[in-house]
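To start, the structure itself, in structure tokens.
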Amino acid sequence: MKNYIIRRVLMLVPILLGISIAIFLIMQLIPGDVVSGILGIEETPELRAMWEKKLGIDRPLVTQYLSWIGGVVRGDFGESFRTGAKVFPEILWRFSISAELAILACVVAWLIAFPLGILSALKRNSVIDRNVRVLALLGVSVPGFAFATLLILFMALVFGYYPPIKYVSLLENPLKNLEIMIFPAIVLGSSMAGSVMRMTRSSLLEVLRQDFIKAVRATGAPERVTIMRHAFRNASIPIVTLVGMQIGILMGGTVVIEQIFSIPGLGQYLLTGIFQRDFPIVQGTVLFMAVIYVLINLLVDILYTYIDPRITYS
Amino acid sequence: MTSKEHIIGRRLSRGDGLLKQLWQDPLGRAGFLGIALIILLAVFAPLIARYDVAQINARSRLAAPSITYWFGTDNFGRDIFSRIIYGARVSLIVGLVSVGIAAGIGYLFGLAAGYFEGRVESAIMMLMDIIFAFPSILLALLIVAVLGTSVVNTMIAIGIVNIPVFARTVRASVKAVKGTDYIANARSVGLKNGAILLRHITPNALAPFTVQATLALSGAILTEATMSFLGLGIQPPSPSWGSMLSEARTYMEIAPWMVVFPALFIILTILSFNILGDALRDALDPKLKL
Amino acid sequence: MKKTLSVLLALLMMLSLTALAQEPMVLKYGTDAEPIGFDPHTVPALASTRIMLQMYETLVDMDEDMNVIPRLAESWEQPDDLTYIFHLREGVKFHSGREMKAEDVKYSFERILSPDLGALGNSASYAGYIKEIEVVDEYTVKFVLEQINAPFLSALSSTYLAIVDKEAVEKNGGNLLQASGGTGPFTLGEWVPDNSVTVNRFADYWQEGVQFERIEFYVITDPSARMSALRTGEVDLIVGDSAMLTLAENANNVEIYKVRSRNYTTLCLNLNKEEFKDVRVRQAISLALNRQEIIDLAFNGEAEISGFAPASMGHWAVDVLNHPLYQQDIEKAKELMKEAGYENGFTVTCTVGLLDNIRNSGTVIQQQLAAIGITVEVQNKENAQYVDDWKAHNFELMVCQNGAGTDPNRAVAFFFSTTGSANIAEYSNPRVDELCELAAGTSNVDKRREYYHEAINIILDECPNVTFASPYDYIYASTSLKGYAPNATNMVDFRAAYIEK
């Protein structure tokens, strides 16, 4: 097991190296540059030269890459071209927000999906099953930005309510923080519920058909207890997989919702970086997201071995 | 796992049986009908549409739905009904082509990775991991930013983003089939790699692959809508549902029909694909995990 | 028991009432984009300028009618055409508490002109012609220019030439991106990226009467969400959007501020394209446009027909409403096309991007030009790409929104003289060049106006660009906001504003 983890972590190195080179090159390929954005209509050749020198983008590409990646190795992701703010601390801060949103969205998704999934599995092929499945899929089928704007409008018109706009962290004021985060979490969670529900349903179906459930039933234990205790535990593997995948997706998939609800998440940071050609932000954020993605997947794989002792890695 | 995949493969190769089974499932039937409706709209758009989709008209600006304009008009005075009908073309083409790109490349990658193993496999899967590690919407935006905004580039971007899912699905099926005796048998009777891949592995990978494709189609239409929201999707005056919806947001209150109809059609289409995908999975194997 | 309870309750109520009364007055401002740092010398973004204008001040200010008025300089004189002497206001303090003196003015301009900062004001349009800055005494500073530059005085009102605190610059590693080193009524408080920026009242501000304890700027990019935030009272004022006008009119707690802007939207022609070398084709395009229809469809009707010297420029403006090329005349346009040898028309691409009204204008223009046989392919570019194409003059047709600026030198020479750095059409007319030079070389207002009007009329006739609209700017605010009077020069002056309870 230990060897396995070490090997997986080592595998990170070439992947991250690949990603860092890929994103560096992509940023070079994108037409338009940060100096155009900074100077706008005031640009003159002299001013441009000053800025290129100041930002260090007049150096050869290889030098630029090496000095950046050298900094990254030492934990220094550089500074934003535009705001001069250090990139790494901002990534961490924003990550905490995106992660909170992701977790809340997962909770919302589970709250919707688990009961529906169980219901649907128990009543397989009935009218209830079909309605529940369509309902769960409906959430996936609405573009998030449309749902979000409609939600805001609905609350404003019907209740005269607007979620608090000043962001406060969870530690500062947990209640207020939740009030801010709950609506984006509902929008995101409902879009995830469909696949979680599907997975819950199919896992349960599989388990219910297995012999030991029949055996347990034969002992006369109440049905509900049987399902909860045995089926659920066995069904949790694919659910863990899915959760792992969705947290990865949520890292950046939240961007539109963050924008509409004015939440300073990681996705928005990256998006601004892309639009403004702020290389340090884009490169740093992409690299960071990749690390998180790989680590979460590793964690998921390790979790498997705890849930299901039959799974081993060599 | 192994024998199951095998059975699915065979079941799917007898396509008529599966279709029949799907049709008997009310959900499958609903999905089929929904998709058929959209396809009909797209194919016969010139016959159904009532006005020129690009014809602007200051006098009929923001008109509510009426007998003249079934779905009302937008901020340019264009007929929303006609634009929705033509939008079906754009959305379907974007969906099909981008998923085609993703499925084609993903299939080859997955096949190669699963069959050859070793270096080839780790190289391919590493590439897939690199693509997968980018948040998909942002990667698609990056690609469009590099290539420039156009319908073709949007499809390429959405296509690239979806490659890893297909590659992984196919690789998993290939590996599952590979372990079985009958591949060894095929080898022993002297079949070449290519022949084995084509004749034995492909049919077995098809089941999860088809399901994945249905899901990716709905995902692609949704991604296009989101890209339009962020300003880098299908560009006006092309009537894509996504761009119609995102342009309509500012008029949501004064001209709700501008939002309602594109939204309705996006939901109808995506829901149809999703329902069909769901029914398909259930028909193939209720335990199939995707 | 009951008694004590009621007494307690009464006490509580009183407490909460006093708490209410003492609650500081706060302005909540819903803005449309995330600011990009607050160094007035290096940041041009409007989203930042709104906030920087609370923190920084300039030597002079400009009133609604584009007259230069005192701000940090109480008065000034011009012994000769090249020399400007400013007498500074006494007792003005920087946010650090240190008094602002002539040395600081000198430092600020040296910073702008330094060869490695890349300051926006370091160009001919702003501080570029300064030869010498001399501290005469503590409150007097003298500028000597290299050549006569009439727009200099009005340029001094730009935030690019704000007076900054040397110590603040040095303390923050050479930039003020995340610091406040000005003399303005507010100082920089908390900045929560992609969410909000707070500026707090500066207690030692030289002017009395500032009422807001702080201003909180909230980034709400979605216009519909912004409107919802205003209507629910979550913010007091928002950056408007003409599409929201109907809603603002219908809401009973919303006050609408409509401001004539100095911006204009125009169709730029690249004169390197063969067809556009012929002035008749360019005139035909101008004749083919129905400007009111563009305004109705692309601006929700909220703009006025305008040339490139919009009406907001006061006496510098040239009225275009009766100009023959501004009257739609398809027949005449077709005739001109025929004379030029393009009876069957031609195909051209049109680059759009950046703003909704630019994109929408492209859609309408595409249709209107079809009437004279010109097939337009609209290409919507992503922002950075659009700006790049603009700079590289990489386009055939391009819809642009330009700012006519605070001086006609900007509106005319910057965009249309042969060497003008924003002359993206690559237009060149020796008479226009001559007039621009003459106008910049005199400070006689009447003479300058005469020169500029002649130049403007030549350009209007030759159509290197076809200008159609000057959009209105909208601010929607709560009806309880009083004392706020935005104008084209400054939409964010809250020094006299307050909220009535």
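I'd like the residue in the stretch B:231-273 that is among the hydroxyl-bearing types (Ser, Thr, Tyr) and in a loop (DSSP other than H, G, I, E, B) and, out of all such residues, is modelled with the lowest pLDDT. So that I can check it myself, show each step before the final result.
Of the stretch B:231-273, the ones among the hydroxyl-bearing types (Ser, Thr, Tyr) are B:238, B:240, B:243, B:246, B:250-251, B:269, B:272.
Applying the additional criterion that residues be in a loop (DSSP other than H, G, I, E, B) yields B:238, B:240.
Details: B:SER238: 76, B:SER240: 85.
So, considering only residues that are among the hydroxyl-bearing types (Ser, Thr, Tyr) and in a loop (DSSP other than H, G, I, E, B), the one modelled with the lowest pLDDT is B:SER238.
Let's see how each residue does on (1) surrounded by fewer than 19 Cβ atoms within 10 Å (Cβ to Cβ); (2) in a loop (DSSP other than H, G, I, E, B); (3) under 21 Å from the mean Cα position of the chain (by Cα):
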{"position": "B:SER82", "(1), (2), (3)": "no, no, no"}
{"position": "B:LEU96", "(1), (2), (3)": "yes, no, yes"}
{"position": "B:VAL99", "(1), (2), (3)": "no, no, yes"}
{"position": "B:GLY110", "(1), (2), (3)": "no, no, yes"}
{"position": "B:LEU127", "(1), (2), (3)": "yes, no, no"}
{"position": "B:ILE130", "(1), (2), (3)": "no, no, no"}
{"position": "B:LEU138", "(1), (2), (3)": "no, no, yes"}
{"position": "B:LEU141", "(1), (2), (3)": "no, no, yes"}
{"position": "B:ASN162", "(1), (2), (3)": "no, no, yes"}
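Yes/no matrix, rows are residues, columns are (1) within 14 Å of chain A (Cβ to nearest Cβ); (2) free of Cβ contacts under 8 Å to residues at least 60 places away in the same chain:
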| site | (1), (2) |
| --- | --- |
| C:GLY362 | no, yes |
| C:GLN367 | no, yes |
| C:ALA371 | no, no |
| C:THR375 | no, yes |
| C:GLN379 | yes, yes |
| C:PHE395 | yes, no |
| C:ASP433 | no, yes |
1 or more residues under 28 Å from C:ALA251 (Cα atoms): qualifying strands (runs of 3 or more DSSP E) within the stretch C:122-238
C:196-201, C:214-219
Residue list for the stretch C:317-340, filter: free of Cβ contacts under 8 Å to residues at least 24 places away in the same chain and surrounded by fewer than 15 Cβ atoms within 10 Å (Cβ to Cβ):
C:ASP319, C:LEU321, C:ASN322, C:PRO324, C:GLU331
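If I ask for residues that are more than 13 Å from chain C (Cβ to nearest Cβ) and either closer than 18 Å to C:ALA384 by Cα or part of a helix (DSSP H, G or I) (or both), which ones from the stretch A:25-66 would you list?
A:LEU25, A:ILE26, A:GLN28, A:LEU61, A:VAL62, A:THR63, A:GLN64, A:TYR65, A:LEU66 - these are the residues of the stretch A:25-66 that are more than 13 Å from chain C (Cβ to nearest Cβ) and either closer than 18 Å to C:ALA384 by Cα or part of a helix (DSSP H, G or I) (or both).
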Inside the stretch A:120-151, can you point out the residues that are within 14 Å of chain C (Cβ to nearest Cβ) and touching an Asp or Glu at 6+ places or on another chain (Cβ under 8 Å)?
A:THR149
Restrict the check to the stretch C:192-208 and report whether at least one residue is within 29 Å of C:PHE299 (Cβ to Cβ) and more than 25 Å from the chain's Cα centre (by Cα).
no
Residue list for the stretch C:239-251, restricted to those being under 14 Å from A:LEU157 (Cβ atoms) and either in a loop (DSSP other than H, G, I, E, B) or among the polar types (S, T, N, Q) (or both)
C:ASN250, C:ALA251
Please enumerate the residues belonging to the stretch C:104-130 that are in contact (Cβ under 8 Å) with a residue 40 or more places away in the chain and not aliphatic (A, V, I, L, M).
C:ASP104, C:TYR107, C:SER108, C:PHE109, C:ARG111, C:GLY118, C:GLY121, C:SER123, C:SER125
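One residue is enough: does the stretch B:250-269 have a residue meeting the conditions among the small types (Gly, Ala, Ser), farther than 23 Å from B:ASN162 by Cβ, touching a residue at least 60 places away in the same chain (Cβ under 8 Å) and surrounded by fewer than 24 Cβ atoms within 10 Å (Cβ to Cβ)?
Keep residues of the stretch B:250-269 that are among the small types (Gly, Ala, Ser), which gives B:255, B:263.
The next check asks that each one be farther than 23 Å from B:ASN162 by Cβ; those that pass are B:255, B:263.
In the following step, the residues that additionally are touching a residue at least 60 places away in the same chain (Cβ under 8 Å) were identified as B:255.
Restricting the remaining residues to those that are surrounded by fewer than 24 Cβ atoms within 10 Å (Cβ to Cβ) gives B:255.
Checked against the condition, which is being among the small types (Gly, Ala, Ser), farther than 23 Å from B:ASN162 by Cβ, touching a residue at least 60 places away in the same chain (Cβ under 8 Å) and surrounded by fewer than 24 Cβ atoms within 10 Å (Cβ to Cβ), the stretch B:250-269 yields at least one hit.
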Determine if the stretch B:237-247 includes at least one residue that is among the polar types (S, T, N, Q), touching an Asp or Glu at 6+ places or on another chain (Cβ under 9 Å), under 23 Å from B:VAL90 (Cα atoms) and buried (at least 22 other Cβ atoms within 10 Å of the Cβ).
yes
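Listed residues B:ALA279, B:ALA225; which is among the small types (Gly, Ala, Ser) and over 24 Å from C:ALA33 (Cα atoms)?
B:ALA279
Here is a yes/no grid of residues against (1) within 14 Å of chain A (Cβ to nearest Cβ); (2) under 17 Å from B:SER238 (Cα atoms):
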residue	(1), (2)
B:ALA58	no, no
B:GLY95	yes, yes
B:ILE101	no, no
B:GLY104	no, no
B:VAL151	no, yes
Considering only residues of the stretch C:345-366 that are surrounded by fewer than 19 Cβ atoms within 10 Å (Cβ to Cβ) and at pLDDT 90 or above, which is nearest to C:LEU397 (Cα to Cα)?
C:THR349
In this structure, is B:SER122 within 14 Å of chain A (Cβ to nearest Cβ), hydroxyl-bearing (Ser, Thr, Tyr) and closer than 20 Å to B:LEU245 by Cβ?
no
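Could you tell me whether C:ALA477 is out of contact with any Ser or Thr (no Cβ under 8 Å at 6 or more places or on another chain), buried (at least 19 other Cβ atoms within 10 Å of the Cβ) and free of Cβ contacts under 8 Å to residues at least 60 places away in the same chain? Reasoning before the result, please.
Values: out of contact with any Ser or Thr (no Cβ under 8 Å at 6 or more places or on another chain): yes; buried (at least 19 other Cβ atoms within 10 Å of the Cβ): yes; free of Cβ contacts under 8 Å to residues at least 60 places away in the same chain: no.
The answer is no for C:ALA477.
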Before we move on, is C:TYR257 over 23 Å from C:GLY362 (Cβ atoms), among the aromatic types (Phe, Trp, Tyr) and under 24 Å from the mean Cα position of the chain (by Cα)?
yes
Given the conditions (1) free of Cβ contacts under 8 Å to residues at least 12 places away in the same chain; (2) of a type in the set (A, V, I, L, M, F, W, C); (3) crowded, with 20+ Cβ neighbours inside 10 Å, report the number of the one that A:ALA109 does not fulfil.
(1)
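With the requirement that a residue be polar (S, T, N, Q), in a loop (DSSP other than H, G, I, E, B) and over 26 Å from C:LEU321 (Cα atoms), what does the stretch C:458-500 give you?
To start, the set of residues in the stretch C:458-500 that are polar (S, T, N, Q) comprises C:465, C:467, C:470, C:478-480, C:487, C:489-490.
Add one more test, that the residue is in a loop (DSSP other than H, G, I, E, B), and what stays is C:479-480, C:487, C:489-490.
Hits for the stretch C:458-500 are C:THR479, C:SER480, C:ASN490.
Among the residues of the stretch A:264-295, count how many are within 17 Å of the chain's Cα centre (by Cα) and either buried (at least 24 other Cβ atoms within 10 Å of the Cβ) or more than 22 Å from C:TYR218 (Cα to Cα) (or both). Spell out the reasoning first.
Looking only at the stretch A:264-295, we keep the residues that are within 17 Å of the chain's Cα centre (by Cα), and these are A:264-271, A:282, A:284-295.
When the remaining residues are screened for being either buried (at least 24 other Cβ atoms within 10 Å of the Cβ) or more than 22 Å from C:TYR218 (Cα to Cα) (or both), the result is A:265-271, A:282, A:284-295.
The number of residues fulfilling the criteria is 20.
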Of the conditions (1) surrounded by fewer than 23 Cβ atoms within 10 Å (Cβ to Cβ); (2) in a helix (DSSP H, G or I), C:ASN423 satisfies every one except a single condition; which number is it?
(2)
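Select from the stretch C:381-393 the residues that are within 10 Å of chain A (Cβ to nearest Cβ) and not in a helix (DSSP H, G or I) and write down the one among them that is modelled with the highest pLDDT. Give the steps one after another, and end with the answer.
To start, the set of residues in the stretch C:381-393 that are within 10 Å of chain A (Cβ to nearest Cβ) comprises C:381-392.
Next, only the ones that are not in a helix (DSSP H, G or I) stay: C:381-382.
On the way: C:LYS381: 85, C:GLU382: 82.
Ranking the qualifying residues of the stretch C:381-393, first place goes to C:LYS381.
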Give the residue, chosen from C:ASP204, C:ASP241, C:ASP278, that is surrounded by fewer than 24 Cβ atoms within 10 Å (Cβ to Cβ) and within 30 Å of C:GLY97 (Cβ to Cβ).
C:ASP204
Those helices (runs of 4 or more DSSP H) completely within the stretch A:84-195 that have 2 or more residues that are at pLDDT 85 or above and within 23 Å of C:GLU190 (Cα to Cα) are A:87-122
Those residues that are touching a residue at least 60 places away in the same chain (Cβ under 8 Å) and in contact with a Ser or Thr (Cβ under 7 Å, 6 or more places away or on another chain), I need them from the stretch C:480-501; list them, please.
C:ALA488, C:ILE499
Take the residues in the stretch C:207-238 that are of a type in the set (Val, Ile, Thr) and surrounded by fewer than 21 Cβ atoms within 10 Å (Cβ to Cβ), then tell me which one is nearest to the other protein chains (Cβ to nearest Cβ).
C:THR232
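The values are calculated or read from the model by the stated rules, or taken from the named source; none is laboratory data. Just so it is clear, the structure is predicted and the values come from calculations on it, not from any experiment. No Cβ is skipped: glycine too gets one built from the backbone with ideal geometry, and neighbour counts run over all protein chains shown.
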